[in-house]
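*Asks:* One structure follows; several queries about it will come next.
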Amino acid sequence: MPADRKQAAKRSRDVEREQRQRAREGMMAGDERYLQPRDKGPQRRFTRDYVDSRHSVGEYFMILALVVVFFGFFQQTPIGNIAQIALYVVVLILVGDSIIVVAGLNRRLKKKFDKRERGLNFYAIMRNMQIRRLRLPKPMVKRGEKPE
């Protein structure tokens, strides 16, 4: 009896692993059935495509922030002071870039959709701040391409 139970448990784990793998591949490909609830819907897809089609400062924010934090360890030196000022400048540029993204997105959404879904501005800003290669679902448009 225990051998059968072990076999059944192993078989169950294998089936679950295959389902998770299929769901992961579907999510990577942008298949609507496998997306998280926060990513589902035509307006979310349009928002993703709009953000992914642009070059943005937000993608490099984390890298720049790490560099600035590293140089920030040199306190009471000109390098530390410059790093602190650079962090403020990067944050200001990021805020400006986010405003530009949201304004352009809102304009395009108004033309394309009758009723607008809530939370798209925050969704766009958060996606804009992610490194392009690490975004999930993966970008479906190339940079410079117009989202449909």
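*Asks:* How about LYS10: which aspartates and glutamates have a C-alpha closer than 13 Å to its C-alpha, ignoring those fewer than 8 places off in the same chain?
*Replies:* GLU18
*Asks:* How high is the relative contact order of segment 1-89, given as a whole-number percent (alpha carbon pairs under 8 Å, six or more residues apart)?
*Replies:* 12 percent
*Asks:* Whole-Hz ³J(HN,Hα) for each residue in segment 61-76, computed from phi via Karplus 6.51 cos²θ - 1.76 cosθ + 1.60 with θ = phi - 60°, x for glycine and proline: what do you get?
*Replies:* So the J values, rounded to whole Hz, are 4, 4, 5, 4, 5, 5, 5, 5, 5, 4, 6, x, 5, 8, 6, 6.
*Asks:* A follow-up question, please. Skip the ligands, DNA and RNA, and give the accessible area per residue of the chain with a 1.4 Å probe, whole Å².
*Replies:* Per-residue value: 72 Å².
*Asks:* To the nearest 10 degrees, how steep is helix 78-112 against the longest Cα principal axis of the chain, on a 0 to 90 scale?
*Replies:* For 78-112 against the chain, the angle is about 60 degrees.
*Asks:* Counting only protein heavy atoms, what percent of the accessible surface of the chain is carbon or sulfur at a 1.4 Å probe?
*Replies:* 61 percent
*Asks:* Hey, got the Cα dimensions of segment 41-148 along the principal axes, in Å, largest first?
*Replies:* Result, largest extent first: 55, 23, 22 Å.
The values are calculated or read from the model by the stated rules, or taken from the named source; none is laboratory data. Keep in mind that what you see is a predicted model, and the values were worked out from it rather than measured. Only protein heavy atoms, including side chains, enter the accessible area calculation; ligands, DNA and RNA are left aside. Shrake-Rupley method; radii C 1.70, N 1.55, O 1.52, S 1.80 Å.
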